[in-house]
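Worksheet for the structure shown next.
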């Protein structure tokens, strides 16, 4: 495991199970909410899936299961890849409470077992801001390409690179030169929910933020045929971009 992956794992296993309970409720409570309407819990990402029933989905850095479990309830065969045991604990308890079946693989995404998982999936899906955890986007996208079957689909949704120069998503992180290639230490996204004394003690993550062209070119260089690139408004300011979704295929 790369040193920065070890650092990020430490951060994502710092009281994370308790954090999800404080934000989402107990596993049973979240399961009940998801069961009311699984598709609603996929939010805008639902539109990017052609179908759900029997579709094999690799959910990259699937965290607490808030997207993998709705997908499973809609009929998809979901495998979550994530670095945090705490995330797995919460997600699997929610899945059990909801009567959903997910496979949850804990480890470094960059060290996915190629013999076991390459060429297995119809869809590789990610959302919620994960690209900045990987310092080489070409390496990352090549693995995503490998996971897919021929004609498989990449759904890559992430924070818009505009946030490099402005804290538009209110993560309380410093802005920087848009074209910076710097690797830097920063707080986890949910550190801001803790009291200052606890916040100071929380392990930092190692980040590398990308420009739009770096993301698009990383997808293309890895062999994907890029079909669509959508920009979405920021959560609290609809006049600026907050997220994006790239759709690409393995040809």
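The values are calculated or read from the model by the stated rules, or taken from the named source; none is laboratory data. Every value quoted in this text rests on a predicted model; they were computed, and no experiment measured them. Cβ: placed from backbone, ideal geometry, glycine included. Neighbour counts: every protein chain shown.
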Between 154, 226, 148, which is touching a helix residue (DSSP H, G or I) at 6+ places or on another chain (Cβ under 7 Å) and touching a residue at least 60 places away in the same chain (Cβ under 8 Å)? 154
So, in segment 100-116, how many residues would count as being touching a helix residue (DSSP H, G or I) at 6+ places or on another chain (Cβ under 8 Å) and farther than 23 Å from residue 132 by Cβ? 4
Selection count, segment 229-248, where residues are in contact (Cβ under 8 Å) with a residue 12 or more places away in the chain and farther than 12 Å from residue 156 by Cβ: 9
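State whether the residues of segment 150-158 include one that is under 27 Å from residue 76 (Cα atoms) and over 19 Å from the mean Cα position of the chain (by Cα).
Within segment 150-158, one or more residues are under 27 Å from residue 76 (Cα atoms) and over 19 Å from the mean Cα position of the chain (by Cα).
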Between a residue in segment 73-99 that is on the phi > 0 side of the Ramachandran plot and any residue that is modelled with pLDDT under 95 and outside any helix (DSSP H, G or I), which pairs come within a Cβ distance under 8 Å, given they are 6 or more apart or on different chains? none
All but one of (1) buried (at least 16 other Cβ atoms within 10 Å of the Cβ); (2) out of contact with any strand residue (DSSP E or B) (no Cβ under 8 Å at 6 or more places or on another chain); (3) within 25 Å of residue 199 (Cα to Cα) hold for residue 26; which doesn't? (1)
Can you confirm whether segment 199-220 contains a residue that is within 20 Å of the chain's Cα centre (by Cα), part of a strand (DSSP E or B), surrounded by 14 or more Cβ atoms within 10 Å (Cβ to Cβ) and without any contact (Cβ under 8 Å) to a residue 24 or more places away in the chain? no
